[in-house]
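A short reminder: the numbers here are calculations on the coordinates, not readings from a lab. Computed from a prediction, not measured in an experiment: that's the story for all the values here. Glycine gets a Cβ as well: all are built from the backbone with ideal geometry, and neighbour counts include every protein chain shown.
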Amino acid sequence: MSNALIISDNVTLSDAMENEFSVAGWSSDSISVSSMMVRDIASKRDLQCVVLVVDKDFRKRFGGTIEEMSTTICNCASLSPLYLMFEGDYDSSFASWLYHTKRLFKQTMHQRNLQEAIHEVIRLESEEAIGVALESPMDSL
């Protein structure tokens, strides 16, 4: 079973995302952004992907540490594909994170946009899993 880690301080949005993953047959766990900074996400090697939600108050809470968070973002993305979901519009202060992000989604506070984003994540990760499964051992030669 595929497993996603949702990193968000918006409980309502996390619950909606967990529901969307569940409907698609995926399991998911949620942690807060603060937990991401102190928790060893590297130990969660069974993750299909990580979804980091940048809510509307993110810059107020973490504005002074956005650049410092880049190291955590990079480490997280080195283990599992990382998707960024913005509750509102993309803000250029997160540009350094884009190098480590597989895809960015905006306006996910709207239910339809959130559903489309989760379905796209599932589609992208399912296609990648199928591609790996179909890879011939001879392809590595």
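Summary of values
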quantity: Degrees separating the helix 66-79 axis from the principal Cα axis of the chain, which is the longest one; calculated: 20 degrees
quantity: Nearest-0.05 FRET efficiency for ASN3 and ASN75, computed from C-beta distance (R0 25 Å); calculated: 0.85
quantity: Sum of side-chain charges, VAL51 neighbourhood, beta-carbon under 12 Å (Lys, Arg +1; Asp, Glu -1); calculated: -3
quantity: Projected label distance in nm at GLU116 and SER34, using a 7 Å step from Cα toward the beta-carbon; calculated: 3.4 nm
quantity: Residue-count net charge about ARG61 - beta-carbon cut-off 14 Å; Lys, Arg +1, Asp, Glu -1; calculated: -3
quantity: Kirkwood Rh in Å, taken over all unlike Cα pairs in the range 53-110; calculated: 11.6 Å
quantity: Kirkwood Rh, Cα atoms: Rg over Rh of the chain; calculated: 0.97
quantity: Long-range HN-HN contacts of ARG103 with modeled amide H, under 5 Å; calculated: LEU84
quantity: PHE62-GLN107 pseudo-label distance in nm [points 7 Å out on the Cα-to-Cβ vector]; calculated: 2.4 nm
